[in-house]
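Presented below is the structure to which this report refers.
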Amino acid sequence: MAMTITEKILAVHSGNESVKAGQLINADIDVVMCHDVTTPAAISMLAERGLDRVFDSEKIVVTPDHFQPAKDIKSAELHKRLDDWCKKHKIKHYYPLGKAGVCHALLPEQGHVRPGEVIVGGDSHTCTYGAFGAFSTGVGSTDLAAAIATGQLWFRVPSSIKFELSGKLSPAVYSKDIVLEVIRRIGTDGARYMAMEFAGDGLADLSMEARMTITNMAIEAGGKNGIMAVDEVTRAYLAEHLKDKADFTVYESDADAEYVRCEEIDCAALEPMVAFPHLPSNGKAISEAAGLAMDQSYIGSCTNGRIEDLRIAAEILKGRQVAIRTIVVPATPEIWKQAMDEKLFDVFYDAGCVVSAPTCGACLGGFMGILAAGEKCVSTTNRNFVGRMGSPKSEVYLASPATAAASAVEGKLTDPRKYL
Amino acid sequence: MQIRSTEKFCELQTRQNGRLDMGKSHVYKRDNINTDEIIPARYLNMDAEEELARHCMEDIDTEFVAKVAAGDFIVAGEDFGCGSSREHAVWAIRGAKVAAVIAGSFARIFYRNAINCGFLVVELPGAVQKISNGDELEIDARGGKLKNVTRKEVYEFTPLPDFALEIIEAGGLLKKIAE
């Protein structure tokens, strides 16, 4: 029977020869991602029910990232619960302060993501890892607890939407603009319960960092997972990053696999995009958006806090001054070190930005750049819901690092093409 | 499974309100009510249900916590609970003693979290047209029937699959696993 990549991975992990969309299965989990917001509750739930155990201490990756370093007493207590549990269960891949990074940047970088695997995490943007040809999805604390204790979870096999990307992006247009266009087109629930499969020549030129920005935001269209086939770019990244276990299985969708919908995206025709408040689907081309005054620019997060993103921002900020508060958040310690070695911090300092430690921080309104009532922020993050980055009366405008940097320079939404 | 008349909720209603005829609707005629509105991230530094309940729906309706009574229902449009995977959204609603959420459709992770927590969610197309603020409801979750007592109407919906109802009736996924 013809199957998609997603179906093939779920079939193998549930001991079936084939599965089809809609089928309920119990799947084995290869990696469980844990962070400081949703995991402490999962640990407590297990303990309360006498299930204080881990299915495999080498398959759980823990990175307290949301409120890192702890922003207040309550978040310090979340970190302490997580820390005690990691030590008690001898969790092999535990990344405490100093090693901790924004989970979806950290796991691929540290070699915890392999093609063909089933990965779950207590975070909705766990769909990021699908860029490596893995089935990867976000779950809540109860699912997380079940996965930690048993190494299995129930799933309904999703149907798939295919996005065929063609053409080359114009200068100053990035993968963030592609995914904002995808979400604009199908809406925040356009892929509800579904797999979003990205394919086509348009992907070939994108780095793994750029691809992760696309799969990262699958959830913003309601997707269960985002997924891409493995190619030479994927293999090169994996060769550099996989550590102890370098083997993996590659699955490809059959030519006659079934899709509920196909969308074609002409990358060459795209402009820089900005998603207006308060939905990621409110995307507008920069030509319709430029000129709106901003109060803050935020460059970071699991969507766009990788080294490539910081380089793009620095290219625009070099030799210029920002007109508004600008916060740069390298997503992991390695990215932070790399940015420092490349002297990007000098560029950010000279331009008048502040650079923070790796954290999810203000992306979710945690800390490190919270907005006051009436303020507007252009942000490289993934959500612009009411109150997302602070006051319920503040506004978030989602854009690429280039657009966020250009807008920082002018203090208003700005087309980055004039600076690149 | 009769939700409004379950012992648990009758007991809660009796205890908190001294009456049994609750089960009122709080209708939000909006799509995409997201997890940031249901429980803002500024409260994610804690995970105790009773603390979260004090801030339930805070960024969409600051009055909600004051007006909700045990056994009441939240009614909304499409894609309820979109956004984050934070189960805190379900805990906040459950902690506010809401009996069930009825929506045109649900975002996937919220829906799954609700089932895993043993909390009832009902997908009813056109829910916000069929139900007005304050309407009293009764839900037959297994039978797939929602009775609008106020309007004297009955709406049919597709019941959750048996395995999901079993998880809800067991009181959640972990209770089922522990068994």
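The values are calculated or read from the model by the stated rules, or taken from the named source; none is laboratory data. On a predicted model such as this, the values are computed, not experimentally measured, just so you know. Here Cβ is always computed from backbone atoms with ideal geometry, including for glycine, and neighbour counts include all displayed protein chains. These area figures cover heavy atoms from the full protein model, side chains too; ligands, DNA and RNA do not enter into them. Shrake-Rupley method; radii C 1.70, N 1.55, O 1.52, S 1.80 Å.
For the reader, a short list of remarks on this structure follows.
- Looking only at residues in the stretch B:72-93 that are in contact with a helix residue (DSSP H, G or I) (Cβ under 8 Å, 6 or more places away or on another chain) and away from chain A (no Cβ under 12 Å), the one that is farthest from B:GLY126 (Cα to Cα) is B:ALA92.
- Once the stretch A:238-259 is narrowed to residues that are within 20 Å of A:VAL19 (Cβ to Cβ) and not hydrophobic (A, V, I, L, M, F, W, C), the residue that is most open to solvent (accessible area, probe 1.4 Å) is A:GLU258.
- Flag: B:ALA89 matches the condition of being without any contact (Cβ under 8 Å) to a residue 60 or more places away in the chain, within 14 Å of the chain's Cα centre (by Cα) and not in a loop (DSSP other than H, G, I, E, B).
- Scope the stretch A:145-160; condition assigned to a strand (DSSP E or B) and either open to solvent by 10 Å² or more (accessible area, probe 1.4 Å) or aromatic (Phe, Trp, Tyr) (or both); matching residues: A:GLN152, A:TRP154, A:PHE155, A:ARG156
One line per residue, one yes/no per condition, for (1) surrounded by 24 or more Cβ atoms within 10 Å (Cβ to Cβ); (2) in contact with a Lys or Arg (Cβ under 6 Å, 6 or more places away or on another chain); (3) at pLDDT below 95; (4) in the same structural domain as A:PHE248 (by TED's automatic domain parsing):
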| residue | (1), (2), (3), (4) |
| --- | --- |
| A:ALA11 | no, no, no, yes |
| A:LEU24 | no, yes, yes, yes |
| A:VAL32 | yes, no, no, yes |
| A:ALA41 | yes, no, no, yes |
| A:SER44 | no, no, no, yes |
| A:GLY50 | no, no, yes, yes |
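- As a summary of the residue check, A:ARG81 satisfies the conditions (1) touching a residue at least 40 places away in the same chain (Cβ under 8 Å); (2) at the interface with chain B (Cβ under 10 Å from one of its Cβ atoms); (3) closer than 23 Å to B:TYR111 by Cβ except for the one numbered (3).
- Evaluated against (1) open to solvent by less than 10 Å² (accessible area, probe 1.4 Å); (2) more than 26 Å from B:CYS82 (Cβ to Cβ); (3) among the aromatic types (Phe, Trp, Tyr), A:PHE163 falls short on exactly one condition, (2).
- Each residue in the stretch A:314-348 was checked for being within 14 Å of A:VAL409 (Cβ to Cβ), of a type in the set (Gly, Ala, Ser) and assigned to a helix (DSSP H, G or I), and 1 of them qualify.
- Counted residues, the stretch A:187-236 - those being within 13 Å of chain B (Cβ to nearest Cβ), in contact with a Ser or Thr (Cβ under 8 Å, 6 or more places away or on another chain) and hydrophobic (A, V, I, L, M, F, W, C): 6
- Matching entry among A:ASP65, A:ASP83 (being surrounded by 16 or more Cβ atoms within 10 Å (Cβ to Cβ), outside the structural domain of A:THR381 (by TED's automatic domain parsing) and farther than 22 Å from B:SER84 by Cα): A:ASP83
- The listed residues are B:PHE73, B:PHE106, and the only one of them that is under 24 Å from A:SER124 (Cβ atoms), in contact (Cβ under 8 Å) with a residue 24 or more places away in the chain and under 12 Å from the mean Cα position of the chain (by Cα) turns out to be B:PHE106.
- Elements of type strands (runs of 3 or more DSSP E) contained in the stretch A:48-144, each with 1 or more residues being under 13 Å from the mean Cα position of the chain (by Cα): A:118-121, A:135-138
- Among (1) in contact with a strand residue (DSSP E or B) (Cβ under 9 Å, 6 or more places away or on another chain); (2) open to solvent by 50 Å² or more (accessible area, probe 1.4 Å); (3) aliphatic (A, V, I, L, M); (4) farther than 28 Å from B:ILE60 by Cα - the single one A:ALA373 does not satisfy: (4)
- Filtered residue count, the stretch B:133-145, keeping only those that are under 18 Å from B:TYR28 (Cα atoms) and surrounded by 15 or more Cβ atoms within 10 Å (Cβ to Cβ): 3
- Tabulated pairs, the stretch A:404-420, first in a helix (DSSP H, G or I), second surrounded by 17 or more Cβ atoms within 10 Å (Cβ to Cβ) and basic (Lys, Arg), C-beta under 8 angstrom, 6+ apart or interchain: A:VAL409/A:ARG320
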